[in-house]
Amino acid sequence: MKNECYYNNFDRKEKLAFDTKVVHGGMGCDPITGAVSFPIFQTATFRHRAFGISTGYDYTRVQNPTRQELERTMAILENGLEGFAFSSGQAANMALFTWLPVGSHVILSDDIYGGTFRICDEIFSKFGCTFSWIDLSDLDAVRAAVKPETKMIFCETPTNPMMKVADIAALADIAHEIGALFVVDNTFMTPYFQRPLDLGADVVVHSATKYLCGHNDVIAGIAVAKSQEMCDFFHAQLKSHGNGLAPMDCWLLLRGLKTLALRMERHNANAMEVSHWLRKHPKVKKVYYSGFEDHKDYAVMTRQSTGFSGMISFELDSLETTMNLLSRVKLIMFAESLGGVESLVTYPLTQTHESIPADVREALGINERFIRISIGIENPRDIIADLEQALA
Ligand SMILES: *Cc1c(COP(=O)(O)O)cnc(C)c1O
């Protein structure tokens, strides 16, 4: 039942535009009842009709129809073979890193998300793995970091929080020349703006907690792979780690995804307006935003992405201004995370990037006056007015 219905839809859906696909997902509706909202299959196990006759589902840790609908939707949106839904972005990355052979070397962005840094530094270093933290926008530096045992290049672009832009296609070429796996963490851009698998990446990972969900109400992770081999690998990890996303959370994510195109347009337009306003503010020393035409890698950015998303970082003139901003914001909330409809302001030094060694942080520019802001979908005039009063 499930496969027939799904593949019929899939053939047809491949031809649809992205903003239609986000609404209709994998199967889109329940093939048995016609329920337009895909049901939450809140069950741990599945009854067999007779010996040897299964519905295709046996036990929810292995697979559940609601999770499968989300995974198929993500495979369609990222143009991959299959998707995998994990209990968090961290869980997705943990599963990915278990792919590494003992003693591997990995090249990653130098301002990588703090949790990804911890996975490397605290867990996989125990298995003899070594890591190079490189500015991936500098391809010569990437080539120079390659070792005989380099097995993976892991990239965020734009990076968090310095908004450095890496050339996805060029990094894919370097990785494939040396037989390494090339992975892109597409959390900041989502497939609405950037589809790394189309540009040569082997695997895309997401903290689906952020833009994919979009409502700051679910913790979730997604991986999408292109080869059968990597899909088989992820299936085995989900089954053994038991870290698949629960049915209710899969449903919330499916619900969030339906408005992805609309939300991303608004985040993008709002961030464009706020970033230009910030740049003119006398107390703002420097603004980091991938949508500035004078961004060092604006040409790469516009070649591989159709927008800039809603993330902005900036450096203020003093610690006092910074502390005042964090305690005076009213509409904008001082909270960790990003990508939701509500604007959030984050202090990377003690929140997202606390685990990064102090000297690396300093060199990057993540100092005590450094702020990151996730621009929500509110009216941009209200966001600017709130920043204006908090900076006054
Ligand atoms: C938040 C985040 C993660 C971790 O995801 P969780 O869902 O919080 O576990 C990984 N990468 C990036 C870029 C993130 O922003």
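Nothing in this text is a laboratory measurement; each read-out follows from the coordinates by a stated rule. These figures come from a predicted structure and were not determined experimentally. Neighbour counts are summed over all protein chains in view; Cβ atoms, including those assigned to glycine, are modelled from backbone coordinates with ideal geometry.
Taking only the Cα atoms of the chain, the radius of gyration and Dmax are 21.1, 74 Å. Dipole of region 100-183 computed with +1 at Lys/Arg Cβ and -1 at Asp/Glu Cβ about the Cα centre; of Val183, Ile153, Gly103, farthest Cα towards the positive end is Gly103.
Assuming 0.36 nm per residue, please report the length gained on full extension of the stretch Glu362 to Ile53 beyond their Cα-Cα distance. Gain in length upon complete extension: 105.2 nm. When both bridge partners sit in region 16-257, DSSP labels roughly 45% of those beta bridges antiparallel. Highest-first packing order for the peptide set 314-325, 162-173 is 162-173, 314-325, based on the mean count of other beta carbon atoms within 10 Å. Go ahead and run the numbers for FRET between Asp138 and Ala385, Cβ-Cβ distance against an R0 of 35 Å, rounding to 0.05. For Asp138 and Ala385, the calculated efficiency is 0.35.
The calculated FRET efficiency for the pair Ile178 and Lys280, based on their C-beta separation and a Förster distance of 45 Å, comes to about 0.50. Counting only DSSP H runs of at least 4 residues, each contributing -39500 (n - 2.57), and dividing by the residue count of the chain, the helix-based mean residue ellipticity at 222 nm comes to -11000 deg cm²/dmol.
Checking the cross-link pairs Lys15/Lys258; Lys15/Lys226; Lys126/Lys164; Lys164/Lys280 against a 23 Å limit on the alpha carbon distance flags Lys126/Lys164 as lying beyond it.
Could you size up the charge dipole of the chain around its Cα centre, putting +1 on the beta carbon of Lys and Arg and -1 on that of Asp and Glu, and report it in debye to the nearest 20? In debye, rounded to 20, the chain gives about 900. Sorting Tyr211, Tyr113, Tyr298, Tyr288 by the number of Cβ atoms found within 10 Å of their own Cβ, with the fewest placed first, yields Tyr298, Tyr288, Tyr113, Tyr211. Scaled against 2.2 N^0.38 Å for its residue count N, the alpha carbon radius of gyration of region 260-391 is 1.02. Full extension of the chain between Ser227 and Glu122 yields a length gain of 34.9 nm, computed as 0.36 nm times the residue separation minus the alpha carbon distance.
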